[in-house]
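The structure follows.
The values are calculated or read from the model by the stated rules, or taken from the named source; none is laboratory data. Bear in mind the structure is a predicted one, so any value in this text is a computation, not a measurement. Every residue, glycine among them, receives a Cβ derived from its backbone with ideal geometry; neighbour counts consider all protein chains shown.
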Amino acid sequence: MGTKNVKVAQPYANAFIDMAGSSFPLDSMISDLTTIETTSSESAEFGKTISNPLVSITAKKEIIKSVFADNIDKNTLNFLLVLCDRGRINILDSVVTIALELAYKKASVEVAYVTSSVEMSASQQEALVSKLKTMTNTKQIKLDIKTDASLIGGFTVQIGSKIIDTSVKGQLRELSSYLGASV
């Protein structure tokens, strides 16, 4: 996400989050944003099409309606259509990412970015969430998990400004700096 995209996307993300209220609860917003994020990441074709300046605004709106009409709240759908009208649908990924961060913060949900060497089982995820709740004194934690085999074993967690590195790669890096310093 480029700096320019962040500057342009921030006001749209703020406006979307400001719509939260009794008729449009925050948990519905988070669910809708997650649906959009998943659709966008799973379908490269979708992202290319709505970002293509040669595709008309009307066509982009029809695509968005056909993809999301049955899956998200009408308020969210209308917001996406406004992004089309304003010529900003091409920064949808940035808007969604920023809006999710704002929504989690507003809902008092801490996001933990986990990179694991292998897929984590449900029980491992639950144990990690429990441990992180205790460590951070937070009521809710959402895991954003990625897999990276180059870690060799273990995992890394970034939550706020804290980084926990239990990976073999991290331990080897630490050992090499220790050995290099003692020579």
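Collect the residues in segment 119-163 that are more than 20 Å from the chain's Cα centre (by Cα) and not hydroxyl-bearing (S, T, Y), keeping them in residue-number order.
Q124, A127, K131, M135, N137, A149, L151, I152, G153, G154
Just the residues that are part of a helix (DSSP H, G or I) and either among the aliphatic types (A, V, I, L, M) or buried (at least 16 other Cβ atoms within 10 Å of the Cβ) (or both), please, taken from segment 50-60.
Applying the first criterion (part of a helix (DSSP H, G or I)) to segment 50-60 yields 50-51, 57-60.
Answer for segment 50-60, where residues must be part of a helix (DSSP H, G or I) and either among the aliphatic types (A, V, I, L, M) or buried (at least 16 other Cβ atoms within 10 Å of the Cβ) (or both): I50, I57, A59, K60.
Can you name the number of the only condition in (1) at pLDDT 90 or above; (2) surrounded by 17 or more Cβ atoms within 10 Å (Cβ to Cβ); (3) in contact with a Lys or Arg (Cβ under 9 Å, 6 or more places away or on another chain) that Y104 fails?
The number of the failed condition is (1).
Across segment 63-74, what is the number of residues that are in a helix (DSSP H, G or I) and either surrounded by fewer than 12 Cβ atoms within 10 Å (Cβ to Cβ) or of a type in the set (V, I, T) (or both)?
Here is the first cut: in segment 63-74, the residues in a helix (DSSP H, G or I) are 63-68, 74.
Pick out the ones that are also either surrounded by fewer than 12 Cβ atoms within 10 Å (Cβ to Cβ) or of a type in the set (V, I, T) (or both) and you get 63-64, 66-67, 74.
Going through segment 63-74 one residue at a time, the tally reaches 5.
I'm checking my understanding of the structure. Among residues of segment 105-155 that are touching a strand residue (DSSP E or B) at 6+ places or on another chain (Cβ under 8 Å) and among the hydroxyl-bearing types (S, T, Y), which one is farthest from V168 (Cα to Cα)?
Step by step, filter segment 105-155, then rank; the result is S108.
Checking G87 against (1) at pLDDT 90 or above; (2) part of a helix (DSSP H, G or I); (3) over 16 Å from D32 (Cα atoms), only one condition comes out false. Which one?
Against the list (1) at pLDDT 90 or above; (2) part of a helix (DSSP H, G or I); (3) over 16 Å from D32 (Cα atoms), G87 comes up short only on (2).
Let me ask another. Of these, S40, S28, S66, which one is hydroxyl-bearing (S, T, Y), out of contact with any His (no Cβ under 6 Å at 6 or more places or on another chain) and free of Cβ contacts under 8 Å to residues at least 40 places away in the same chain? It would help to see each step written out before you state the result.
Working: S40 fails: free of Cβ contacts under 8 Å to residues at least 40 places away in the same chain; S28 fails: free of Cβ contacts under 8 Å to residues at least 40 places away in the same chain.
On inspection, the qualifying residue turns out to be S66.
I've got another one for you. Within segment 114-173, which residues are on the phi < 0 side of the Ramachandran plot, among the small types (G, A, S) and in a loop (DSSP other than H, G, I, E, B)?
Those that are on the phi < 0 side of the Ramachandran plot, among the small types (G, A, S) and in a loop (DSSP other than H, G, I, E, B): S117, S121, G153, S161, S167.
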